[in-house]
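Okay, so here's the structure we're looking at.
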Amino acid sequence: MSSLTCQQLLQQHDEAWQAATVHPFLVQCQHGTIQANQFNTWLVQDFLFVNEFTRMAARLLASAPYAHFDTLLNGLAALQAELTWFEAKAAERSLTLQAPPQATCLEYCQLMASLADAPYAVQATAFWAIELAYNQGWQRHSPMPEPYAEFADRWGNPGFTEYVKLLEQQADVALAEVAPEIQQQAIAVFLQVAQLEQAFWQMAFTGSP
Ligand code: HMH
């Protein structure tokens, strides 16, 4: 049985991955020309996203082998800080976080919820891809001017890159142990993540709150 790796996913679906991590929204943040309604739409919708992503992280931990606990527990602790940080950023901008999710955000949250019963290898692949999308997306458009520098740094900093590498190693270990049908599920979910990442930037770029 030939085993699937995260690097193979990136190489074999390079076009989809580029579209997930390079977008006019990020380009305009880098140029300081993004409009407030566009950025604020992203901020509020991403808080809603991270809410559901935290639940996904908890389910991932629940399915993980003990050897993967350290990385995932650190990830959960980082998410606690991130949710608090989102609240502070929203307050600075006088934004309410009690907003309804837009269609793309809802679709992405539904994808994450649908992985509750997926094999650990599939959940781990999706989790890695989601974190890598932001790590590379913000990094590829760095440095950013104020007030966007801290956003670029949150997901682009070297420590976050290291965390994403650990997630990749864990997903690779899990993928090496599963049957081809499950590897196929991992490929499918990777492509869904790539497509939804692009759609999420586009949703924010359109900018209606
Ligand atoms: C849409 N993808 C989206 N939001 C995020 N915060 C991340 C990935 C990384 O956690």
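Being surrounded by fewer than 16 Cβ atoms within 10 Å (Cβ to Cβ) and either within 20 Å of residue 160 (Cβ to Cβ) or touching a Pro at 6+ places or on another chain (Cβ under 9 Å) (or both) narrows it down to one residue among 53, 25, 49, 69; which is it?
69
If we keep just the residues of region 99-126 that are in contact with a Lys or Arg (Cβ under 8 Å, 6 or more places away or on another chain) and either hydrophobic (A, V, I, L, M, F, W, C) or assigned to a loop (DSSP other than H, G, I, E, B) (or both), which is nearest to the ligand (Cβ to nearest atom)?
My answer is 112.
Could you grab me the full set of residues in region 99-112 that are exposed (fewer than 13 other Cβ atoms within 10 Å of the Cβ) and of a type in the set (A, V, I, L, M, F, W, C)?
Correct list: 103 only.
Can you tell me which residue within region 186-209, out of those that are away from the ligand (no atom under 12 Å from the Cβ) and among the β-branched types (Val, Ile, Thr), is farthest from residue 101 (Cα to Cα)?
For region 186-209, the residue satisfying everything is 187.
Just to check your reading of the model, which residue among 135, 51, 157 is more than 12 Å from the ligand (Cβ to nearest atom), closer than 30 Å to residue 5 by Cα and not hydrophobic (A, V, I, L, M, F, W, C)?
157
Modelled with pLDDT of 95 or more, farther than 26 Å from residue 186 by Cα and in a loop (DSSP other than H, G, I, E, B) - does that describe any residue in region 35-50?
Yes: one or more hits.
Under 7 Å between Cβ atoms, which residue pairs at least 6 apart in sequence (or on different chains) link something in region 42-68 that is farther than 30 Å from residue 28 by Cα with a partner that is within 10 Å of the ligand (Cβ to nearest atom) and of a type outside the set (A, V, I, L, M, F, W, C)?
57/75
Among the numbered criteria (1) assigned to a loop (DSSP other than H, G, I, E, B); (2) surrounded by 15 or more Cβ atoms within 10 Å (Cβ to Cβ), which single criterion is violated by residue 96?
Of (1) assigned to a loop (DSSP other than H, G, I, E, B); (2) surrounded by 15 or more Cβ atoms within 10 Å (Cβ to Cβ), only one is false for residue 96: (2).
Against the definition (of a type in the set (Asp, Glu), modelled with pLDDT of 95 or more, in contact with a helix residue (DSSP H, G or I) (Cβ under 9 Å, 6 or more places away or on another chain) and surrounded by fewer than 15 Cβ atoms within 10 Å (Cβ to Cβ)), how does residue 131 come out, yes or no?
no
When region 137-161 is examined, which residues are found to be in a loop (DSSP other than H, G, I, E, B) and exposed (fewer than 15 other Cβ atoms within 10 Å of the Cβ)?
Result: 143, 145, 146, 147.
The values are calculated or read from the model by the stated rules, or taken from the named source; none is laboratory data. None of the values given here were measured: they were computed from a predicted structure. Positions of Cβ are backbone-derived with ideal geometry, glycine not excepted, and every protein chain shown enters the neighbour counts.
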